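Below you'll find the structure, written out as structure tokens, and then a few comments.
The values are calculated or read from the model by the stated rules, or taken from the named source; none is laboratory data. Keep in mind the model is a prediction, meaning the values are calculated, not measured. A quick note on method: Cβ atoms are made from the backbone with ideal geometry, for glycine too, and the neighbour counts reach across all protein chains shown.
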Amino acid sequence: MPVNNRIAAMAPEIAEWRQAIHANPELGFEEHATSAMVAEKLASWGIEVHRGIAGTGLVGVLRNGDSGRSIGLRADMDCLPMTEETGAPHASKTPGRMHACGHDGHTAMLLGAAKYLAETRNFDGTVNFLFQPAEEGGGGGRVMVEEGVFDRFPCDSVYGIHNDPSLELGQTSIVAGPILAAADRVSIHIRGLGGHAARPHMAIDPVLVGAQLVVALQSIVSRRVDPLDSVVISLCQFNAGSASNVIPETADIHGTIRTLNKDTRVAVEGHLK
């Protein structure tokens with residue numbers, strides 16, 4: 001059976017796996033049930049399973065033929081800390097947890113690839129199926145590397161994909177060079193001088209300072225970076241105060257900076273400071 005036909009025949013089963021994972025989302029380094037599900041399925045297909053890598057991460061190893069070549073196929077497993085309101089039949093059962101970035105699909109797709117290769121064995125060499133925990137800011141990939149995942153399971157190359165709902169069904173987007181940006185977190189702590197809202201002249205308002213910072217930092221993108229380059233600064237959290245009539249002592253701003261160029265990444269950090 002042609003590859004496309006065989007994969008198409010597996011699609012309903014892969015969708016069931018995705019929906020099961022979606023309904024039971026787990027945060028980074030807490031993917032115990034997801035990891036167990038993945039391990040059970042890999043083992044049932046005769047794939048060698050190695051668990052406990054970066055905590056909840058695991059690697060499945062499938063060998064065939066005589067070649068010494070090896071590749072890695074990678075997917076992430078963790079969810080986001082948000083409450084799902086889609087109303088879907090397979091919506092998250094856990095408040096404050098949701099697969100909103102598609103890692104449920106990534107995991108299900110890699111399971112589909114593993115099952116297909118285990119059943120057909122139409123390759124020569126070794127395939128390492130890398131299931132990574134804590135992609136969402138938890139550094140799970142780095143922890144796997146630091147724990148020697150590529151020393152234990154060497155790969156000539158590693159392949160991963162990310163879903164993109166903007167693409168039509170059946171399309172794949174590939175470009176030369178970087179396609180996914182480096183994502184750096186930024187945290188800014190502002191200390192002012194608290195006071196009564198009726199007497200702002202006797203306080204140092206960290207909210208006003210922070211508001212000016214939020215606007216001013218966007219000028220890094222528009223005035224300090226080559227227009228042909230790409231930088232996104234998104235300041236998504238602004239926390240200050242607990243009363244409507246009190247100027248707070250402090251304010252905190254948190255966000256991300258995304259870049260596609262190493263030199264630009266370093267330069268933007270310098271501009272920010």
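Just checking, how many residues over region 117-134 are among the hydroxyl-bearing types (Ser, Thr, Tyr) and buried (at least 18 other Cβ atoms within 10 Å of the Cβ)?
Counting residues in region 117-134 that are among the hydroxyl-bearing types (Ser, Thr, Tyr) and buried (at least 18 other Cβ atoms within 10 Å of the Cβ) gives 1.
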Search region 20-62 for residues being surrounded by fewer than 18 Cβ atoms within 10 Å (Cβ to Cβ) and farther than 17 Å from Phe129 by Cα, and hand back the single one that is nearest to the chain's Cα centre (by Cα).
Leu27
Selection from region 122-137 of residues that are over 20 Å from Glu26 (Cα atoms) and modelled with pLDDT under 95
Asn122
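May I ask you to list the residues in region 214-236 that are buried (at least 16 other Cβ atoms within 10 Å of the Cβ), assigned to a helix (DSSP H, G or I) and not β-branched (Val, Ile, Thr)? It would help to see each step written out before you state the result.
Here is the first cut: in region 214-236, the ones buried (at least 16 other Cβ atoms within 10 Å of the Cβ) are 217, 220-221, 225, 231, 233, 235.
After this cut, where a residue has to be assigned to a helix (DSSP H, G or I) as well, the list is 217, 220-221.
Residue satisfying the conditions is Leu217 alone.
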So which of Thr256, Thr250, Thr172 is hydroxyl-bearing (Ser, Thr, Tyr), in contact (Cβ under 8 Å) with a residue 60 or more places away in the chain and closer than 30 Å to Met109 by Cα?
Thr256
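Condition test on Ile179, is it more than 30 Å from Val127 (Cα to Cα), among the aliphatic types (A, V, I, L, M) and without any contact (Cβ under 8 Å) to a residue 60 or more places away in the chain?
The answer is no for Ile179.
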Of the residues Val158, Val143, which is under 23 Å from the mean Cα position of the chain (by Cα), part of a helix (DSSP H, G or I) and aliphatic (A, V, I, L, M)?
Val143
